[in-house]
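As structure tokens, the structure follows; a few thoughts come after it.
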Amino acid sequence: MADPAVAEVRAGRRGPALTAGRRVLDGFLRRREASVLLVALGLMIYFRWASPVFLTRNNLVNIAQATAPVAIVAVGIVLLLVSGEIDLSVGIVAALAPFLLHFAIDFYGQPVLVGLLLALLISAGIGLVNGLIVTKLKVPSFVTTLGTFFAVQGILLITSHAYPVPIPEPAKGTWQTWLGAGPWASITWAIVIVAIFHVILTRTRWGLHTISVGGNPVGATEAGIRASRIKIGNFMVTSTLGGLVGIMEAFRINTIDPNIGGGTTLTFYAISAAVIGGTALAGGSGTIVGAFLGALVLAELQNGFNLIGYSANTIYLILGLAILVSMIANQYLSRLRRAGGT
Amino acid sequence: MADPAVAEVRAGRRGPALTAGRRVLDGFLRRREASVLLVALGLMIYFRWASPVFLTRNNLVNIAQATAPVAIVAVGIVLLLVSGEIDLSVGIVAALAPFLLHFAIDFYGQPVLVGLLLALLISAGIGLVNGLIVTKLKVPSFVTTLGTFFAVQGILLITSHAYPVPIPEPAKGTWQTWLGAGPWASITWAIVIVAIFHVILTRTRWGLHTISVGGNPVGATEAGIRASRIKIGNFMVTSTLGGLVGIMEAFRINTIDPNIGGGTTLTFYAISAAVIGGTALAGGSGTIVGAFLGALVLAELQNGFNLIGYSANTIYLILGLAILVSMIANQYLSRLRRAGGT
Amino acid sequence: SPQQDDEPTGGAGNFPETPKWKFTFVNHVTTNPFFTPTQYGMEDAATLLGIEKPQWTGSQNSIVAEMVNATNTAISAKVDGIAIAVVDQNAFRGPVDQALDAGIPVVSYNADGARADTGTNRLAYIGQGLYESGYALGQRALQQVESGEVVGFIATPGALNIQPRIDGAQQAIKDSGKAVTFTAVATNADVTRGLSIIDAYAQGHQNLAGMLAVDAGSTSSVGQTVKKYDMRAKSLKVAGGFDLIPETLTGIQEGSLDYTIDQQPYLQGFLPVVYLYLYKLSGGLMAPSETNTGLLFVTKENVAPYQSTKTRYQGSATDQVLVPRSGPIPHG
Amino acid sequence: MTGDALRVVGVAKRFGALTALRDVNLHVAKGEVLGLIGDNGAGKSTLMKIICGFHRPDAGQIVVDGTEVVLRSVDHARSLGIDTVYQDLALVNELSVYHNMFLNRELVRWPLLNNRAMRRRAEEHLRDMGVNLPDVTVEVAKLSGGQRQAIAVARSVYSDARILLLDEPLAAMGAKEGTLILDLIRDLKERGEVSIIIIAHNYAQVLDVCDRVNLLQHGEITFDKRATDTSLEELTELVVAEYRTSRNRRRHA
Amino acid sequence: MTGDALRVVGVAKRFGALTALRDVNLHVAKGEVLGLIGDNGAGKSTLMKIICGFHRPDAGQIVVDGTEVVLRSVDHARSLGIDTVYQDLALVNELSVYHNMFLNRELVRWPLLNNRAMRRRAEEHLRDMGVNLPDVTVEVAKLSGGQRQAIAVARSVYSDARILLLDEPLAAMGAKEGTLILDLIRDLKERGEVSIIIIAHNYAQVLDVCDRVNLLQHGEITFDKRATDTSLEELTELVVAEYRTSRNRRRHA
Ligand SMILES: Nc1ncnc2c1ncn2[C@@H]1O[C@H](COP(=O)(O)OP(=O)(O)OP(=O)(O)O)[C@@H](O)[C@H]1O
Ligand SMILES: Nc1ncnc2c1ncn2[C@@H]1O[C@H](COP(=O)(O)OP(=O)(O)OP(=O)(O)O)[C@@H](O)[C@H]1O
Ligand SMILES: [Mg+2]
Ligand SMILES: [Mg+2]
């Protein structure tokens, strides 16, 4: 605060009698995630009103389980979008990873932990390939990851014969419960991962450089930031998280299915969650907590309207309109926030 | 050319004995679309070598018919991407439009032309809604059009009962042939549309302002350009072209199927074609002719490998690798071009 | 439980007054035209019985996780009965047990786990196996093909509504021991791209002996391609596929396609509602019974009525109509 | 005051908690060149952006030729003859030099752009400003800082604007190019039809070309003298004095 | 010449058809401040970007402390003690003032950023430069032109670089802030450990702070004198003379 005159103005505006409650509210409203959170809460209230079972334990588990995979993938997607890239292949990596686990355990007799690490390692490797092609060979990430999407899909279908397999015996029990089948397992993972990467994005050099590389690519390079390293890293994080989500989902639904992630569907939802949460497609700005809330909003919408009992064809219309209304409200709230805040 | 010294240097570098052929080649290579064109030609040569039927008339018709819809939608997508926006809903508009035509003709007894105009008008209206929500209510276009995607899908499924219908009798014959069923009909439309919009993007105020709005949103507004008008217009163009493509495709496959466009598949291919052709996802730069060539490359890949006869699972692997290889070659060629050119 | 809270309504027909029970159908491809008649069947049964129109939900792109979510949501919502297309052998065991524990009757329709293992503890299965229908597709083709190349088109490999069909067809050809090679070829979720792909494949393989398809879009596209290149005049001995969309029927009638398989989807919607209703009505005394809805080959011989009458029972119209027929019924 | 081409009355502007402009009153006569000086962050650019319709003021009026106007957009201000060289230049990196120079005022041979005419005129303008450029068809992204600024200046100076707002138009210009642009401004002034507000930190240049000098401080105009009545020393002293007292205040705080 | 902190030998750079630098030879002694002047588009910024590792030269050598180096990246040059204020500032609009000020040289309390320390130091630096800012936590996108430049300058000037490249560091600075920054540069010079190349179009400032002045013209250094041996008039004349001849040449062409 270099200028006392300016400091004065700021203090003056807020008034001297700033209560503690007001300050907490102010602090909350100043956060970028505030508006999506309000939308998520608003939906919760609406659906509770529309259906009394919405907030029962069982249904909260449903919502949690629908939120988690999208939120975890969205963590990676936010990192990539912020650094100015995108990854279309993450959903198919999610489908491949549980098969890798299955191969390692059932065909090569590896222990579960080794299988798990191998699956995640290979997932990370796919991210590495994406990153190298994008940064070293300068192919835009949209087409690069479209290419790896098809290639990995091919590998997946060839090795799996496009047919589901059961969870490997050794992985059943504790592993399966902790890694997805337990009612709160996946959401716990999601919250932990979101928390960790939120800190990474906002409080570490990696995060700062991720923002820089996406916000001002030339400037970041001029400042000596190694853009390639940052981008490759974020591609690897995204793919690894994709692999983890695939394994978790397989454990949760108790089957290893080549269609986990539904091709690009999971990716699509993750990008939507990121954008709803406030991440810009153009790079340079994004929030991981926001993406989590975005995933929550999507899960609430899907679950709530199903609970009310809409059928497939109608539900799309309702869902579409609800997305539009929620996002308009979101935008309106965040404009209010900006007008009032800093 | 203000500085004679600079002019001298330029002339000196090119050498005095610049033959006419060399100059044409130079002019060609200086064009941004040159590298994709070379990739498209390279693929043509490869596939001709791999399969003698690749360049037969029948197969060229097939490639043309696969190129046209993607290319036409890509025209709109390029305009939107260049102006910094995106439209996910265009594929579902393509599915809706032929049903609108069917409703107008078969249920309301309108003449074909009126039905056609109505269908395109309603398509444009969907674009208008997208544009208004994006520009006036400031909802990011990704989620806005995700919302309209679902909403329009709901409307489509409800009104069509998710069941295909035959082409209306009055539309059969001339209309159907000219608007899609004729072997060269769709590609002719595509070329005309690409040509028109190429001129619009590169040689009119609209195009210049589209680039400005995407390249420097603040600067464009500072220069007094009305960003909203430009964006709304481009949303409307995209939706209208989507509707047209839907009708053309229905005529070509001789059935009005709610699955035309495959949900987001067509949109996805169109974005891919645009990016392959050299349009930046981040806005501000793009070429419509490039997108056409991108669509051609995609169609060649799909057609060529199917002609050769790869089986279901393998083809994805091959296709993915081929996309990667072609795009790396593309990037390499355009780096050569830039190093040599201006 | 909500049943008791609901105001009982006048019973339908001879039935006593019942609550307006609400059933949920969990499907793997909710917007697929194949299931349009299934939804009519389910609606008609519900109207007949004076209960609420059942909910039609699940996944659009055969994503099992979404189906499991939808099933769990239905359990949370305490619906009165669930019908599931059990497209995965393992995924639904838990949810079905949960539903049964919660007193919700569950039947499966259209798909019922794998051949050896139904995969769930559902009360009964109503439908005809996807794998079996694929097997029938292959067997029928073998009546006309002795040797050579047969291709099977599939829109989305790995998708649970059609992958078992192509696996079945492949197995049938393998089991026959004939010198027939079978290749599965991917088309596309977008029917228009699918047509281009089939066209390309046909041009690259001029001496195909058979062309099969396992989804509605690919089937009609096979018919169009056969007609376009007049492949019947060349080496092509057989062309066939699934479902009854208009362009496919045209293909049958014009002879480009030899047959298409009608899996009677209407019954797959109608019967589960009746079974679940009777189960509720009888306090569980009338257990749902296994029902093979069978399959029906539509060929040039019997295609006429399909084409001349658009019916709700095939999905091609919404109106309730009485379809008159006369004359003897063909039999073996 | 009826002779004023532009009057700004009591304009205020806040950005969230920050008050950028508190109560600005300012006027420019027809044909007059007004120099606007002030510290970094004083609010000079904000004031320009209000006058050109880019920002809405929170309070106050803009009076053009004696008529109060509420500017709806930059386009609207342009239609009133107000044109601006922004400090951030407002160039589109992806477009060529000549397209940038005619941005939103393109020469058209309907329906197409008249590229040839724009190219020719762009070359002329740059030559008159003494700016060397490889080629007017080059994208502005590739240009040097001074070349970019020259384009932005040319865009406005060669428009037919009646009120020109120049926000540090010479910041990146070389000695030679700067001199030539000042000559151009003097030309405009001599024709006596254009009113100009020019922001600059180089007080010598300000005194050289301006008729009158205003100082913007703490969101208000605190100094208003004819250029002939003041001097480089006085202006420098004004700014440094303010700095000294604020430094003392901080020391004692 | 062994005492030179930096020597540039025969450096050339082409952009496609355009030759920006033809054959540049230049040297800076330890503790020396070199002023680099030249027309807009003369290639000054290009030269800086070569010395700081951003561009690769097409030919020529960079010699740091008597050892030839091939700079692989900006990071590499930084590790040799070379730091730059770019003409385009290289700020990330999305980040706060203090994060920008420590960009890629963040203070860390592993594994987290030490935001508090960065904030404190950023406030100090800005105060020393006399720059008023609403708050160092504000995003730089919201700042005025001069405030932005101050951040970029502070970033390099307060780094422990041994060779500083300042590309028009005062272009957007106010009179007061500019004076204070020049003071800072003089401080660095007095300590005698930092070598500085400073590009500026304000020749008075150049003569004020530099030991030696070089003129870059036609891709070469055509003038090299001690600041005490030349004058404002001579420098101005140099540039204008060149302009006159080129104008004449054009007239006759
Ligand atoms: N869009 C904005 N949002 C928030 N604050 C802003 C915005 N624009 C300007 N400011 C603040 O308003 C104040 C005045 O800025 P302005 O750009 O008008 O200064 P200036 O006088 O032009 O300074 P300079 O000489 O450095 O260009 C600054 O403190 C700046 O941080
Ligand atoms: N990346 C690039 N691509 C193509 N041309 C370039 C590029 N960078 C600079 N140039 C050209 O090189 C020449 C020198 O530019 P440079 O930025 O070095 O000039 P400068 O001396 O710094 O000028 P100024 O005083 O205006 O900043 C200019 O003509 C410019 O157009
Ligand atoms: Mg300013
Ligand atoms: Mg420069």
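The values are calculated or read from the model by the stated rules, or taken from the named source; none is laboratory data. Small disclaimer: the values here were computed from a predicted structure and weren't measured. Cβ atoms come from the backbone with ideal geometry, glycine included; neighbour counts cover every protein chain shown. Heavy atoms of the whole protein, side chains included, go into the accessibility calculation; ligands, DNA and RNA do not. Shrake-Rupley method; radii C 1.70, N 1.55, O 1.52, S 1.80 Å.
From the label point of A:Arg338, set 7 Å along Cα to the beta carbon, how far off in nm is each other copy's matching point, shortest first?
Spacings between copies for this position, smallest first, are 3.2 nm.
At a Förster radius of 51 Å, what calculated FRET efficiency corresponds to the Cβ-Cβ distance of C:Asp175 and C:Ser282, to the nearest 0.05?
0.75
Using all C-alpha to C-alpha distances in region B:260-341, build P(r) with 5 Å bins and read off the rounded percent in each one.
Binned Cα distances yield the sequence 3, 13, 19, 24, 21, 11, 6, 3, 1.
By the gyration tensor of its Cα atoms, with a ≥ b ≥ c the square roots of the eigenvalues, what is the shape of region B:32-137: rounded for a/c under 1.5, prolate for a/b over b/c, or oblate?
Working: a/c = 4.06, a/b = 1.50, b/c = 2.70.
Oblate, since a/c reaches 1.5 and b/c is not below a/b.
Suppose we consider the axis relating copy A to copy B; can you name the residue of A with the nearest Cβ and state that distance in angstrom as an integer?
Spelled out, residue of A and its Cβ distance from the axis onto B: A:Ala282, 3.
May I ask which residue of chain D has the beta-carbon nearest to the axis carrying chain D onto chain E, and at what distance in whole Å?
D:Ala171, 2
Once you sort the root eigenvalues of the Cα gyration tensor of region A:132-190 as a ≥ b ≥ c, which label holds: rounded (a/c under 1.5), prolate (a/b larger than b/c) or oblate (the other case)?
oblate
Label A:Val325 and C:Asp230 with points 7 Å out from Cα along Cα→Cβ: what is the distance between them in nm?
Using points 7 Å along Cα→Cβ, the separation is 6.0 nm.
For D:Val69 and D:Arg14, what does the FRET efficiency come to when R0 = 22 Å and r is the distance between their Cβ atoms, rounded to the nearest 0.05?
After rounding to 0.05, the efficiency reads 0.55.
So what does D:Met101 come to for accessible area, using a 1.4 Å probe and Å² rounded to 10?
About 10 Å², ignoring ligands and nucleic acids.
Against the longest principal axis of chain D, how steep is helix D:232-252, in degrees 0 to 90 to the nearest 10, with axes from Cα atoms?
Here the helix axis deviates by roughly 60 degrees.
Out of the chymotrypsin sites (Phe, Trp or Tyr not before Pro) in region E:35-109, which ones are loop residues according to DSSP with at most 14 other C-beta atoms within 10 Å?
The qualifying sites: there are none.
Note down the nm distance, to one decimal, between modelled labels 7 Å out along Cα→Cβ at A:Trp184 and at D:Val108.
Rounded to a tenth, the inter-label distance reads 6.4 nm.
Please list 3J(HN,Hα) in residue order for region B:179-196, calculated via the Karplus relation 6.51 cos²θ - 1.76 cosθ + 1.60 where θ = phi - 60°; whole Hz, with x for glycine and proline.
Calculated HN-Hα couplings, in order: 9, x, 6, x, x, 9, 4, 5, 5, 4, 4, 4, 5, 4, 5, 4, 4, 4 Hz.
Using a basic spin-label model with each label point 7 Å from the Cα along Cα→Cβ, how many nm lie between D:Val240 and D:Asp211?
It is 3.1 nm.
Just to make sure I understand: if all protein chains stay in place, what is the order of B:His161, B:His102 by accessible area at 1.4 Å, largest first?
Result, largest first: B:His161, B:His102.
Within region B:207-232, which residues have the backbone N less than 20 Å from the label spot 7 Å out from D:Ala117 along Cα→beta-carbon, could you tell me?
B:207-209
Under 5 Å between amide hydrogens, which residues at least 5 positions from A:Gly84 or on another chain qualify, with H placed 1.01 Å from N in the peptide plane?
A:Gly284
To test your reading of the geometry: what angle, between 0 and 90 degrees and rounded to tens, separates the Cα axis of helix B:227-253 from the longest principal axis of chain B?
That helix lies at roughly 60 degrees to the long axis.
Could you work out the per residue convex hull volume over the alpha carbons of chain C, in cubic angstrom?
With only Cα atoms used, chain C gives 141 Å³ per residue.
For chain E, set up a GNM with springs between Cα atoms under 10 Å and report which of E:Ala241, E:Ala172, E:Ala204 has the largest fluctuation.
Per the Cα network of chain E with a 10 Å cutoff, E:Ala241 tops the list.
Counting only residues 5 or more places away or on other chains, whose amide H sits under 5 Å from the amide H of D:Ile198 once H atoms are built in the peptide plane?
Distant-sequence amide H within range of D:Ile198: D:Leu34, D:Gly35, D:Leu36, D:Leu166.
What share of the DSSP beta bridges in the protein assembly as shown is antiparallel, in percent to the nearest 5?
45 percent
Magnitude of the Cβ-charge dipole of the protein assembly as shown, K/R +1 and D/E -1, about the Cα centre, nearest 20 debye?
Charge dipole of the protein assembly as shown: 1740 debye, to the nearest 20.
Between D:Glu233 and D:Ala204, what is 0.36 nm times their sequence separation minus the Cα-Cα distance? Round to one decimal in nm. Please list the in-between numbers first.
Working: separation 29, 0.36 × 29 = 10.44 nm, distance 0.99 nm.
Taking D:Glu233 through D:Ala204 to full extension adds about 9.5 nm, to one decimal.
For E:Lys142 and E:Ala29, calculate 0.36 nm times their separation in residues minus their Cα-Cα distance, and state this gained length in nm to one decimal.
Taking E:Lys142 through E:Ala29 to full extension adds about 36.8 nm, to one decimal.
Which ³J(HN,Hα) values, rounded to whole Hz and listed in residue order, are derived for region A:160-176 from phi using the Karplus coefficients 6.51, -1.76 and 1.60 in 6.51 cos²θ - 1.76 cosθ + 1.60 with θ = phi - 60°, glycine and proline given as x?
8, 6, 6, 9, x, 10, x, 4, x, 3, x, 8, 5, x, 3, 3, 5
With r defined as the distance between the Cβ atoms of A:Tyr108 and C:Glu290 and R0 fixed at 45 Å, what FRET efficiency is calculated, to the nearest 0.05?
After rounding to 0.05, the efficiency reads 0.65.
In a GNM of chain E with a 10 Å cut-off on Cα contacts, which of E:Val206, E:Val194, E:Val138 has the highest mean-square fluctuation?
It is E:Val138.
Find how many whole Å separate the alpha carbon centroid of region A:58-117 from the alpha carbon centroid of region C:122-187.
Between the Cα centre of region C:122-187 and that of region A:58-117, the gap is 32 Å.
Please list log₁₀ I(q)/I(0) at q = 0.09 Å⁻¹ for chain A, using the Debye equation with identical point scatterers on the alpha-carbon positions.
Computed log10 I(q)/I(0) values: -0.53.
Report P(r) for region C:123-173: all Cα-Cα distances, bin width 10 Å, range 0 to the bin holding the largest distance, values in whole percent.
The percentages, shortest bin first, are 26, 49, 21, 4, 1.
Between D:Pro134, D:Pro57, D:Pro111, where does the largest GNM mean-square fluctuation fall for chain D, given springs only between Cα atoms within less than 10 Å?
Its mean-square fluctuation being the largest, the pick is D:Pro111.
At a probe size of 1.4 Å, how large is the accessible area of E:Arg105, to the nearest 10 Å²?
80 Å²
Counting only helical runs of four or more DSSP H residues, what would the 222 nm mean residue ellipticity of chain E come to if each run contributes -39,500 (n - 2.57) and the total is spread over all its residues?
The helix contribution divided over chain E gives -11000 deg cm²/dmol.
Can you check what the Kirkwood hydrodynamic radius comes to for the protein assembly as shown, Cα pairs only, in Å to one decimal?
35.3 Å
Find how much the distance from D:Glu124 to D:Arg186 grows on full extension, using 0.36 nm per residue of separation minus their present alpha carbon separation; answer in nm with one decimal.
Result for the pair: 20.5 nm of gain on full extension.
How large is ³J(HN,Hα) for each residue in region A:312-321, as worked out from phi by the Karplus curve 6.51 cos²θ - 1.76 cosθ + 1.60 (θ = phi - 60°), to whole Hz, x for Gly and Pro?
Couplings: 2, 5, 5, 4, 5, 4, 4, 4, x, 5 Hz.
Among the helices of chain C (complete DSSP H runs), which have Cα atoms covering no less than 15 Å along the helix axis and a Kyte-Doolittle mean of at least 0.5?
Correct list, ordered by number: C:64-76, C:265-281.
Between region C:70-110 and region E:101-122, how many Å separate their Cα centres?
Region C:70-110 and region E:101-122 have Cα centres spaced 55 Å from each other.
Need one word for chain E: rounded, prolate or oblate. Basis is the Cα gyration tensor (sqrt eigenvalues a ≥ b ≥ c); a/c below 1.5 gives rounded, then a/b vs b/c decides.
Judged from the Cα gyration tensor, chain E comes out prolate (a/c at least 1.5, a/b above b/c).
Take the alpha carbon atoms of region B:165-189, find their center, do the same for region A:148-166, and report the distance between the two centers in whole angstrom.
Between the Cα centres of region B:165-189 and region A:148-166 lies a distance of 38 Å.
Non-local amide H neighbours of B:Ile256 (under 5 Å, H modeled in plane, Pro and chain starts lacking H): which ones?
Long-range HN contacts for B:Ile256: B:Val165, B:Ile167.
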